[in-house]
Number of protein chains: 4
Amino acid sequence: MPQAWSSHPIRVRYQETDQMGVVYHANYLNWFEIGRTEWIRARGMTYEDLEKRELLLPLTDAEIKFRLPARYDDQLMIYTKMIEYSNIRVRFSSEIRRQPQQEGSSPLEVDQSLPIQPRGELLVSGETKHVWINRAWKAVRIDKAAPDLFKLLTGDN
Amino acid sequence: MPQAWSSHPIRVRYQETDQMGVVYHANYLNWFEIGRTEWIRARGMTYEDLEKRELLLPLTDAEIKFRLPARYDDQLMIYTKMIEYSNIRVRFSSEIRRQPQQEGSSPLEVDQSLPIQPRGELLVSGETKHVWINRAWKAVRIDKAAPDLFKLLTGDN
Amino acid sequence: MPQAWSSHPIRVRYQETDQMGVVYHANYLNWFEIGRTEWIRARGMTYEDLEKRELLLPLTDAEIKFRLPARYDDQLMIYTKMIEYSNIRVRFSSEIRRQPQQEGSSPLEVDQSLPIQPRGELLVSGETKHVWINRAWKAVRIDKAAPDLFKLLTGDN
Amino acid sequence: MPQAWSSHPIRVRYQETDQMGVVYHANYLNWFEIGRTEWIRARGMTYEDLEKRELLLPLTDAEIKFRLPARYDDQLMIYTKMIEYSNIRVRFSSEIRRQPQQEGSSPLEVDQSLPIQPRGELLVSGETKHVWINRAWKAVRIDKAAPDLFKLLTGDN
């Protein structure tokens, strides 16, 4: 700590639009989740790995501020940061920002080695709270159940 | 005012589950929106009508509390209530509650003539804030742009 | 045999539209699946029951004809019929038809006791092929693995 | 002509899984569509451009063969090829193939300058037929309505 932003590029899919001509609002929650998935991957672990260890990290709370709508084919960046953690809970901050259109069809590339500053027009921001549970849907103390993971995620190593 | 709850039954679709074996969290935002749609219909107007009059009601804020997960084929009730309004904004409260399983394939029926008390196991609750805009995505004063609608929605007639 | 049509009403959700102003095409596959779920329920069993018995019925093939687009808030009827089966495979026929708009917010009701004739404007039709498998994703002979189920589904009792 | 394959990488999203532990089948239709979008972009035009010129290209038919299921976090390649066209219709072939897992979080990159040979484990294949229409949902002769586009898409320049 302090934790840094991770970034992950996506392009708005046709399926994600609605007849208002903009992105249907529930998709931003999907994108926040994709951001968290990539945040974990950037720390050298995958969410898939966590599930194989029978650890799940469901949401308990979400707060979302919708400022401007994303539109079809927009290139967006999902910014994700862990802003709080304990032995049993985690809190993330997320931002969806519009990027300038790039030539060509290849996905955006980001140099993940530098500290990332969120850039681009801010469309939607939010926070999500999560609790560590096991397959039986019971809370677990992550520092005891998976100390290596706890160190990795919290950068405390 | 005070505004009453509207209710609308849904059954969890297979597509709405994820590999955790529960409903993927973003679907609750969809269901809140279905609840608002039916809330408007119960007042004698459709959201379709609003759009034909070039009025849109996008979200500006959402807060969601996830208590218990819904599961495949669950019978749920969406409860919706307007809890605040002004000339330019509306705020709704929503609850998703699990209902006892019923025999047969016919959808649940609800007597909408009585004041509704939310019943069943509370799974997810939330609030959403909305702003009235026109097709050009500009804020409109709904009491001036559509006084009949304003009266209807606010029960002030 | 011959197998009869089952019917199940749905209303088009805002989330299912896209910026073309019509239903996004992939949703028809979801609706076909909802139709099969309700077809099984009408025979006194649930797809949930099948899964609890470790039987799955994934798609192997789909053919879809898109004639006319469904639109937001349309009242649709999903018609479903089993048109072929063996010890290891099942084939379903599905139709999505638009229904006349009804007053009020209560879901359509259908008297399931009479033989059903598909009615309303035909929007989309299709066929899906399925194979019985177990949790290990291996083909199973359903007449041996679950003879009671086989009889129930095929009406051979 | 003959037309070449285009390729576009995606990673399976958590939201795209279902409780069977695999990708929900309707998502393959979404992915075919993303493949067509990128096929058009690789030809120097965007589907967004087409819509601005009031040209739409909805599906009339789809045929899909599901061979093996995709799973969460899989890296997939969408392969897309135009296999037939006339003044009013287009037909595409699509394949979804699993790619070997790569290190790091950066999206796959593909050298689009070489003729592409579909590679990786074939999961799902299909064909889709489309018709050119205008905003009024009427068929248009694309060679007359947009000769430049017709040349571009058919490689006949």
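Rounded to the nearest 0.05, what FRET efficiency do B:LEU68 and B:LEU152 have when you use their Cβ-Cβ distance and R0 = 30 Å?
My answer for the efficiency is 0.30.
Anything over 32 Å Cα to Cα? Flag those among A:LYS81/B:LYS81; B:LYS65/B:LYS138; A:LYS52/A:LYS129; D:LYS81/D:LYS138; A:LYS52/A:LYS81, in the order listed. Could you put the intermediate results ahead of the total?
Numbers: A:LYS81/B:LYS81 34 Å; B:LYS65/B:LYS138 30 Å; A:LYS52/A:LYS129 22 Å; D:LYS81/D:LYS138 25 Å; A:LYS52/A:LYS81 24 Å.
Pairs exceeding the cut-off: A:LYS81/B:LYS81.
Helix-only estimate, please: 222 nm mean residue ellipticity of chain B, summing -39500 (n - 2.57) across DSSP H runs of length 4 or more and dividing by its residues, to the nearest 500.
-6000 deg cm²/dmol
If you average the alpha carbon positions of the stretch D:1-70 and of the stretch B:120-157, how far apart do those two centres end up, in angstrom?
The stretch D:1-70 and the stretch B:120-157 have Cα centres spaced 36 Å from each other.
Springs between alpha-carbon atoms under 10 Å, Gaussian network over chain D: tell me which of D:TYR14, D:TYR85, D:TYR28 tops the mean-square fluctuations.
Evaluated over chain D, the most mobile residue of the options is D:TYR14.
About its Cα centre, what dipole magnitude does the protein assembly as shown give when the only charges are +1 on Lys and Arg Cβ and -1 on Asp and Glu Cβ, stated in debye to the nearest 20?
For the protein assembly as shown, the charge dipole is close to 0 debye.
For the protein assembly as shown, which whole percent of the accessible surface, found with a 1.4 angstrom probe, sits on carbon and sulfur atoms?
48
If you count only protein heavy atoms with a 1.4 Å probe, what accessible area per residue comes out for chain A, rounded to a whole Å²?
The answer is 44 Å² per residue.
Over the alpha-carbon set of the stretch D:1-155, work out the extent along each principal axis and list the three values in angstrom, largest first.
47, 34, 25
Over chain B, what is the relative contact order in whole percent, taking alpha-carbon pairs under 8 Å and six or more residues apart?
That works out to 31 percent.
With labels modelled as points extended 7 Å from the Cα through the Cβ direction, what inter-label distance (nm, one decimal) is found for A:ASN87 paired with B:ALA145?
That separation, rounded to one decimal, is 5.3 nm.
Select from C:GLY126, C:GLY35, C:GLY21 the residue whose mean-square fluctuation is largest in a Gaussian network model of chain C (Cα-Cα springs shorter than 10 Å).
Sorting by GNM fluctuation, first place goes to C:GLY21.
Quick check: pseudo-label points 7 Å beyond the Cα along Cα→Cβ at B:GLN117 and D:GLU54, how many nm apart are they?
Computed distance between label sites B:GLN117 and D:GLU54 equals 5.8 nm.
The values are calculated or read from the model by the stated rules, or taken from the named source; none is laboratory data. Source: prediction; values computed, not measured. Every residue, glycine among them, receives a Cβ derived from its backbone with ideal geometry; neighbour counts consider all protein chains shown. Accessible surface is based on the protein model in full, side chains and every heavy atom, while ligands, DNA and RNA are left aside. Shrake-Rupley method; radii C 1.70, N 1.55, O 1.52, S 1.80 Å.
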